[in-house]
Each structure stands twice: as C-alpha cells, then as structure tokens.
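**Student:** This is the structure, below, for whatever I ask next.
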Amino acid sequence: SPYPLFEDGNLGVPNAYAADPRGEIAGARAVRLELDSASVPAGGRQLIFSRKGRGGAGDPRIVLAAHVDTKYETPGALDNAAGLATAVAVMERLRDAELRFALDVVPFNGEEYYGVSGQLAYLAHRAPSAETTRLMINLDGLGHRDSAGAFSFYNLDADGTPAAPAAAAEKAAARLSAATRSAIDEHPRATVGDQWIAGDHAVFAFHGIPCVAVTSSNLMERVVHLTHTPADTVDEVDVGLLDATAEVVAGLVTAE
C-alpha cells in the first residue's frame, strides 16, 4: 500500500493484482484466475528544446529535465506536473540570458513506465557523457506544500563539488560547486536532500555525468504516499515553492 504488489516491468507478461487479498479470494478453497490481456505496440516522440551556449556548436551542455507522463488514473500534480511547470518557469527566466553552456530542456516521455522510451531516445540521439554533458538537473516530485526544495547530488560531493575531477575540469568544478552551494544557501526554502535513484537522472549518473535531482524535502515521509494515487492533486502543490525552486535552478544553469 498504496501501490500494487507487482507491476509489469516491461516484461511483456500478463499480471493481476488483488486490491484486498483478505476478502473472498483469501477465504476461498480454490481460485481460478483467467487473464484476458494483450501487448499493444505503441510509438511516440521525445521532444528536446535546445539553445546554444556562448561557444556555439560543440559546447558542453546542461540537460534540464522533467518527465511529462503520469500514472494512469492519477491527477499527477506532484508527479510530475509540478516539475514540468518548474522547467517552464526556468525557461522563462533564461529567455534573454547568455548561456555559458548549451542547454537541452527535455520533457521526458515514458518515465513512469519501465521501458523509459524517452530516456533511450535521448541517449541514442545525444550519446551524453561526462565529457559532453556538464550537468544534468532533474525536476521530479517537487513543490509539496509542507516541504522545501531538496537538492541531491550524483557524481558530485555533497557540497556540489564533482568527485575527483580531472585536472582540466577543476576550474569548472569549482564554479559549479560555488554556484550550487550559493544558490541553496541564499534561498530559505532550498536544502540539501538525500539521494534517490527512481528518476530520469539515474541513467545519467550511471554514465558518470554530474547530476542534481530536485524534489520535495519530505519525499519519503509524505510525497511517495501521494504520487501514483488519486490523492496527487493540485491542492498538495505550493506554487510559490515552484517559483522559488525555478529561481535556484536558473541560477545553476547560468552560473559562470
């Protein structure tokens, strides 16, 4: 609770879920279960919104992502309309900004379903690596009304410093460290949060790319009990917190 015990993890096998196993099924001497199911091929496209940096073609890039899909039959306000709205707010702040690095804003498709088709499409298109991708920022599950914006770090030290950076990257590493720490310290509703890997940043982190994931500070205590359920409504979202988080994220993207 509140999730089904088993979901088809893109395995292509029929499965069933009993919402209340203490009911008639548990009291029966014998149970016959017949699954009438089919696999239906589907297609889609992965959008990427891009801007060049000061150096033009070949610039290292920053990836700003928020997944656009939700679980079926859930409003998806926290997971992940709030993240997508924050990404749009960041884009608005960067409209006239001069960017040091190229920027991809990616509304990932298919994050909620185990095939992660949007991630795979982006990986095939960009082939991101630690050499070509300066930073990945993932916005997911943020903005709960009783929380702060929680920033966690991957392939970065807890203070935002890339772990054991190569000599050629030390100056850029120091810049990112200072920008990250300063941005969080200057906003009363931003904090350093615990790592979590159930999001679009994970595959980038596994490729050795520095990542910052942004979510609600009460992710494990409160938000996970709302997401993927009908209770994930807009009443749970603090729009002012989304705006404050967008300010912090825009500062990371434009950091010198």
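**Student:** Of all residues being part of a loop (DSSP other than H, G, I, E, B) and at pLDDT 95 or above in the stretch 101-126, which is surrounded by the most Cβ atoms within 10 Å (Cβ to Cβ)? Just the residue, please.
**Tutor:** Phe108
**Student:** Can you tell which of Leu84, Leu64 is buried (at least 18 other Cβ atoms within 10 Å of the Cβ), part of a helix (DSSP H, G or I) and under 14 Å from the mean Cα position of the chain (by Cα)?
**Tutor:** Every option except Leu84 fails the conditions.
**Student:** Show the residue pairs that are 6+ apart or on different chains and have beta-carbon atoms under 9 Å apart, the first residue being within the stretch 30-50 and surrounded by 10 or more Cβ atoms within 10 Å (Cβ to Cβ), the second being of a type in the set (Lys, Arg) and at pLDDT 75 or above.
**Tutor:** Ile48/Arg126; Ser50/Arg61
**Student:** Being assigned to a loop (DSSP other than H, G, I, E, B) and either open to solvent by 30 Å² or more (accessible area, probe 1.4 Å) or β-branched (Val, Ile, Thr) (or both) is the filter here; which residues of the stretch 88-100 pass it?
**Tutor:** Hits for the stretch 88-100 are Arg95, Asp96, Glu98, Arg100.
**Student:** Tell me which of these Glu73 doesn't satisfy, since it passes every other one: (1) within 17 Å of Leu241 (Cβ to Cβ); (2) open to solvent by 20 Å² or more (accessible area, probe 1.4 Å); (3) touching a residue at least 12 places away in the same chain (Cβ under 8 Å).
**Tutor:** Here Glu73 meets the rest and fails (1).
**Student:** Please enumerate the residues belonging to the stretch 39-64 that are over 22 Å from Ile209 (Cβ atoms) and of a type in the set (Val, Ile, Thr).
**Tutor:** Correct list: Val40 only.
**Student:** State which residue is nearest to Gly143 (Cα to Cα) when the search covers only the stretch 185-211 and only residues that are open to solvent by 100 Å² or more (accessible area, probe 1.4 Å) and not in a loop (DSSP other than H, G, I, E, B).
**Tutor:** Looking at residues that are open to solvent by 100 Å² or more (accessible area, probe 1.4 Å) and not in a loop (DSSP other than H, G, I, E, B), I get Asp185.
**Student:** Please work out which residue is surrounded by the fewest Cβ atoms within 10 Å (Cβ to Cβ), limiting yourself to the stretch 132-172 and to residues that are closer than 24 Å to Met91 by Cα and either modelled with pLDDT under 55 or among the acidic types (Asp, Glu) (or both).
**Tutor:** Gly160
**Student:** Name the residue, out of Val234, Val214, Val249, Val223, that is at pLDDT 90 or above, open to solvent by 20 Å² or more (accessible area, probe 1.4 Å) and either hydrophobic (A, V, I, L, M, F, W, C) or within 18 Å of Ala81 (Cβ to Cβ) (or both).
**Tutor:** Only one candidate qualifies: Val234.
The values are calculated or read from the model by the stated rules, or taken from the named source; none is laboratory data. What you see is a predicted model; the values in this text were computed from it and never measured. Counting neighbours? That spans all protein chains shown, and the Cβs are built from the backbone with ideal geometry, glycine included. For the accessible areas, the whole protein counts, side chains as well, though only heavy atoms, and no ligand, DNA or RNA atoms are used. Shrake-Rupley method; radii C 1.70, N 1.55, O 1.52, S 1.80 Å.
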